[in-house]
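Worksheet: one structure, shown below.
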Amino acid sequence: MLTFETSSAEETIELGKKIGNLLKPGDVIAMQGTLAAGKTTITKGIAQSLGINDTITSPTFCLISEYEGKMPLYHMDVYRLDGGEDFVNLGTDDMIYGNGVSIIEWSEKIMEELPKKTIILAITPHEDGKRTIEITNWPHGQIK
């Protein structure tokens, strides 16, 4: 497990850039954390590292946002889904088994539908504004 601490949204975005620079086509990131933990914030940094200049917002109501950059980014929010069957019915297989990067917010609800190689990124916000970010199943070496 890799553990990081950030003290601001800017630091969280910078960590996202470092993570994004190491991602490969087909990587799936299962984001976990409470409301306002920083899941979309770190996704902004990942998107920037992939050369995506669009404004990144949480896809809570549209469920999936697609962005084009060095490789496709599929940003999903499964908060409103009832579980794995709803996720599969969205037609997500082409995304999570494709040539882009998939980031899934609220992934706790659908973990059984994700590949075994899924990277888990858990964010814990603290009252002082800091965040602890733990990454498990990371296959790409050191994040510097």
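The values are calculated or read from the model by the stated rules, or taken from the named source; none is laboratory data. Just so it is clear, the structure is predicted and the values come from calculations on it, not from any experiment. Using ideal geometry, Cβ is built from the backbone for each residue, glycine included, and neighbour counts are taken over all protein chains shown. Side chains included, ligands, DNA and RNA excluded: accessible areas come from the protein's heavy atoms. Shrake-Rupley method; radii C 1.70, N 1.55, O 1.52, S 1.80 Å.
What the table below lists for this structure:
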| item | result |
| --- | --- |
| Filter result (open to solvent by 40 Å² or more (accessible area, probe 1.4 Å) and not in a helix (DSSP H, G or I)) within the stretch 111-128 | K116, K117, I120, T124, P125, H126, E127, D128 |
| Enumeration of residues in the stretch 1-25 that are small (G, A, S) and open to solvent by less than 10 Å² (accessible area, probe 1.4 Å) | G16, G20 |
| Looking only at the stretch 91-110, and only at residues there that are surrounded by 15 or more Cβ atoms within 10 Å (Cβ to Cβ) and free of Cβ contacts under 8 Å to residues at least 40 places away in the same chain, the one that is nearest to G33 (Cα to Cα) | K109 |
| Among the candidates N99, N53, residue that is out of contact with any strand residue (DSSP E or B) (no Cβ under 8 Å at 6 or more places or on another chain) and under 15 Å from G16 (Cα atoms) | N53 |
| V78 vs. criteria open to solvent by less than 30 Å² (accessible area, probe 1.4 Å), at pLDDT 90 or above and aliphatic (A, V, I, L, M) | no |
| From E108, E112, E85, residue being among the charged types (D, E, K, R) and touching a strand residue (DSSP E or B) at 6+ places or on another chain (Cβ under 8 Å) | E108 |
| Neighbours by Cβ (under 6 Å, 6+ apart or cross-chain): first from the stretch 55-69, outside any loop (DSSP other than H, G, I, E, B); second of a type outside the set (S, T, Y) and open to solvent by 30 Å² or more (accessible area, probe 1.4 Å) | Y67/D54 |
| Some residue of the stretch 100-110 being outside any strand (DSSP E or B) and in contact with a Pro (Cβ under 7 Å, 6 or more places away or on another chain) | yes |
| The stretch 42-63 - residue that is open to solvent by 40 Å² or more (accessible area, probe 1.4 Å) and hydrophobic (A, V, I, L, M, F, W, C) and, of those, nearest to K24 (Cα to Cα) | C62 |
| Residue match in the stretch 77-91 (condition: under 14 Å from the mean Cα position of the chain (by Cα), within 22 Å of S8 (Cα to Cα) and assigned to a loop (DSSP other than H, G, I, E, B)) | no |
| The stretch 27-49, subset assigned to a loop (DSSP other than H, G, I, E, B) and either basic (K, R) or within 13 Å of the chain's Cα centre (by Cα) (or both), residue nearest to Y74 (Cα to Cα) | D27 |
| Residue under evaluation G45, criteria (1) of a type in the set (G, A, S); (2) out of contact with any strand residue (DSSP E or B) (no Cβ under 8 Å at 6 or more places or on another chain); (3) at pLDDT below 95, criterion not met | (3) |
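So that you can scan it fast, the table gives a plain yes or no per residue for (1) within 13 Å of I123 (Cα to Cα); (2) modelled with pLDDT of 95 or more:
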| residue | (1), (2) |
| --- | --- |
| K18 | no, yes |
| N21 | no, yes |
| T34 | yes, no |
| K39 | yes, no |
| L50 | no, yes |
| F61 | no, no |
| E66 | no, no |
